[in-house]
1. Among the residues of the stretch 275-289, write down those that are among the aliphatic types (A, V, I, L, M) and open to solvent by 10 Å² or more (accessible area, probe 1.4 Å).
2. I'd like the residue in the stretch 347-364 that is out of contact with any Leu (no Cβ under 9 Å at 6 or more places or on another chain) and over 14 Å from Asp12 (Cβ atoms) and, out of all such residues, is modelled with the lowest pLDDT.
3. State which residue pairs qualify: first residue within 17 Å of Pro358 (Cα to Cα) and in a helix (DSSP H, G or I) and inside the stretch 242-259, second residue open to solvent by 40 Å² or more (accessible area, probe 1.4 Å) and not small (Gly, Ala, Ser) in any location, beta carbons under 6 Å apart, and separation of 6 or more residues or different chains.
4. On the basis of being on the phi > 0 side of the Ramachandran plot and more than 19 Å from the chain's Cα centre (by Cα), does Gln117 make the cut?
5. From Pro156, Pro207, which residue is under 15 Å from Cys232 (Cα atoms), open to solvent by 10 Å² or more (accessible area, probe 1.4 Å) and not β-branched (Val, Ile, Thr)?
6. Restricting attention to the stretch 1-30, which residues are surrounded by fewer than 17 Cβ atoms within 10 Å (Cβ to Cβ) and small (Gly, Ala, Ser)?
7. Can you pull out the residues in the stretch 313-348 that are small (Gly, Ala, Ser) and not in a helix (DSSP H, G or I)?
8. Please specify each residue of the stretch 296-313 satisfying the condition of being out of contact with any strand residue (DSSP E or B) (no Cβ under 7 Å at 6 or more places or on another chain) and within 23 Å of Leu329 (Cβ to Cβ).
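The values are calculated or read from the model by the stated rules, or taken from the named source; none is laboratory data. The structure presented is a predicted model; accordingly, all values stated were derived computationally and were not measured. Please note: Cβ atoms are built from the backbone with ideal geometry, for glycine as well, and neighbour counts cover all protein chains shown. For the accessible areas, the whole protein counts, side chains as well, though only heavy atoms, and no ligand, DNA or RNA atoms are used. Shrake-Rupley method; radii C 1.70, N 1.55, O 1.52, S 1.80 Å.
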Amino acid sequence: MSLLIRNARVVDPASGLDGQRTLLIDGGRIAAIAETSAAFVADEEINAKGLWVFPGAIDLSAWLREPGLDQKATLASETFAAATSGITTLCYQPEPRASFDNAAQVKLIYDLNRRSQYANVEVLGNLTQGLKGEQLSNMASLKRAGCVGVSNGLQPFHSLQTLRRAMEYAATHDLTVFIYPLEHALAAGGYMHEGEVSARLGLPAIPSAAETVAVAQTLALASHTGAKVHFCRLSARLSVRLIRQAKASDLEITADVAAHQLFLTDRDVSDFNPLCHVMPPLRSTRDLEALREGLADGTIDAICSDHQPHEVDAKLAPFQQTEPGISALETLLPLTLRLVEDGVLSLSEALRKVTIAPASIIGSEAGKSAWALQRIWCCLTRLRCGSWI
């Protein structure tokens, strides 16, 4: 079965390609990318005038829940949602009831996903056993099983010494350490950003220092251990500044931001909207502006969804009693393209933040044309956000 896509605007951030092209797909693979006048013949033909074709998005943060939290979501449901949203690779985030201490658990995820194969799933293994922050996991075994990095998720470490040893161990196996920067002692009992809105609402709050203190500590340990560190879900203005300074010092670090943090602030919590109960919390307008600046100057490498699906009951309660997180696969690409409309990023740079940049962080060949020629992972979208085929 062959397919010809004519007159599409093909955008490939990795190679710099941006123009109208014709794509020939044969046997499930992209066989050729040529000028629109190319005389190809195929079993089926699509006139994609007014549509875009680009490599599928790579999402660095998806909480896929299965196995362990199947009442919230399954691999099949979430990978299907990802594929229909233009996301073709998901990074499975570990959490206490769905985490990866050994190769067998990692293999189970790959086996479960192989049954549907809507999208690729890459796994982040546990940095400590059971994510308890005490004993180190068997990182050598996790890497052999295919893990693209290790993380302790949102769970605290028993001590900075434990984090140091974990980073040293990860460095010996060339594994990237994915860190959620959060000083739990400062954040304890908080539900939203500490500021005038939290004071008015009377909600326990989380200061931005809870993040920036953790960023500073981790940067010091990264310099000491030589570990590759990826900072997950930055939200605070000072965090962006610290990462920028660290990159200038040639530390091997990267960072990402959740798409919703680039559009929503703590003011959106003003009506106690449980859909705005997220972690890290929505910060101030100044923080949002700093995050956008960090994207534009390259301090922040990637944009992710931070997709955290829940059953309906998890959000049907007073704000403090709801579970944090939002379902965000469907909005990752539209919000990223909205940054182009807002003049924050160029189209090529915006697509880079969700394709080649996250791919390089996890050591994947996805997100660039050389890989696209091996397998079809393309997205077609109309010129305006939100209209997909």
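1. Answer for the stretch 275-289, where residues must be among the aliphatic types (A, V, I, L, M) and open to solvent by 10 Å² or more (accessible area, probe 1.4 Å): Leu275, Met279, Leu288.
2. Ser364
3. Ala259/Leu335
4. Judged against the criteria, Gln117 is a match.
5. Details: Pro207 fails: under 15 Å from Cys232 (Cα atoms).
Result: Pro156 is the single residue among Pro156, Pro207 that is under 15 Å from Cys232 (Cα atoms), open to solvent by 10 Å² or more (accessible area, probe 1.4 Å) and not β-branched (Val, Ile, Thr).
6. Answer for the stretch 1-30, where residues must be surrounded by fewer than 17 Cβ atoms within 10 Å (Cβ to Cβ) and small (Gly, Ala, Ser): Ser2, Ser15, Gly16, Gly19, Gly27, Gly28.
7. Once the filter is applied, which keeps residues that are small (Gly, Ala, Ser) and not in a helix (DSSP H, G or I), the stretch 313-348 yields Ala317, Gly325, Ser327, Ala328, Gly343, Ser346.
8. Scanning the stretch 296-313 gives Pro309, His310, Glu311, Val312, Asp313.
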